[in-house]
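The values are calculated or read from the model by the stated rules, or taken from the named source; none is laboratory data. These numbers were taken from a predicted model, which means no experiment stands behind them. Backbone-built Cβ (ideal geometry, glycine too); neighbour counts: all protein chains shown. These accessible areas exclude ligands, DNA and RNA; they are computed on the full protein's heavy atoms, side chains included. Shrake-Rupley method; radii C 1.70, N 1.55, O 1.52, S 1.80 Å.
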Amino acid sequence: MAASGVCWAQEILERKEAELTHELRTRDGIAIEKSADPMDEIQYASERDLAIRNVDRESTLLRQVKAALRRVRDGSFGTCVECDWAISPKRLAAVPWASRCIQCQDAADRAGQPAAESFGDNLVNAA
Ligand SMILES: [Zn+2]
């Protein structure tokens, strides 16, 4: 059953999807600069690493957002994918793309599965 309040989530998720898609697209070419100066070289390398990590993080988040949108459409949004219980509205408000309830997420974290949700803070502030 579709939980009430799905509309707000869909709007947020669609906005997030557009935002991430745009960011990933504009960051298409990660500059590979070369320098004869070893110090510059180190600087470039760390900038490159950072850029790659960001792209990585954004693609992971985009996948989660897309999956959440699919759950909005098929009516399973707000239900934990692991235990089928409702995810708390407070958690969904903070992390609309959460696919697990807090208990299952904790268990997954302990099992070493990537959560990739700790960067939901921006969204909370923006909302
Ligand atoms: Zn659960």
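Which one is farthest from LEU69 (Cα to Cα) among residues in the range 99-111 that are of a type in the set (A, V, I, L, M) and within 10 Å of the ligand (Cβ to nearest atom)?
The extreme case among them is ALA107.
State which residue pairs qualify: first residue closer than 15 Å to ARG63 by Cβ and inside the range 13-25, second residue open to solvent by 40 Å² or more (accessible area, probe 1.4 Å) in any location, beta carbons under 7 Å apart, and separation of 6 or more residues or different chains.
From residues that are closer than 15 Å to ARG63 by Cβ, the pairs are GLU17/LYS66.
Is it the case that some residue within the range 24-44 is at pLDDT 90 or above, touching a helix residue (DSSP H, G or I) at 6+ places or on another chain (Cβ under 6 Å) and not basic (Lys, Arg)?
Yes, some residue in the range 24-44 is at pLDDT 90 or above, touching a helix residue (DSSP H, G or I) at 6+ places or on another chain (Cβ under 6 Å) and not basic (Lys, Arg).
Looking only at the range 83-96, decide whether some residue is assigned to a loop (DSSP other than H, G, I, E, B), open to solvent by 60 Å² or more (accessible area, probe 1.4 Å) and either at pLDDT below 95 or near the ligand (Cβ under 8 Å from one of its atoms) (or both).
For the range 83-96, residues assigned to a loop (DSSP other than H, G, I, E, B), open to solvent by 60 Å² or more (accessible area, probe 1.4 Å) and either at pLDDT below 95 or near the ligand (Cβ under 8 Å from one of its atoms) (or both): present.
With the requirement that a residue be more than 18 Å from TRP8 (Cβ to Cβ) and of a type in the set (Val, Ile, Thr), what does the range 61-97 give you?
Scanning the range 61-97 gives a single hit, VAL81.
Conditions (1) within 28 Å of ASP109 (Cβ to Cβ); (2) without any contact (Cβ under 8 Å) to a residue 60 or more places away in the chain; (3) touching a strand residue (DSSP E or B) at 6+ places or on another chain (Cβ under 8 Å), marked per residue:
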site: MET39; (1), (2), (3): no, yes, no
site: GLU47; (1), (2), (3): no, yes, no
site: LEU50; (1), (2), (3): yes, yes, no
site: ARG57; (1), (2), (3): yes, no, no
site: LEU62; (1), (2), (3): yes, yes, no
site: VAL95; (1), (2), (3): yes, yes, no
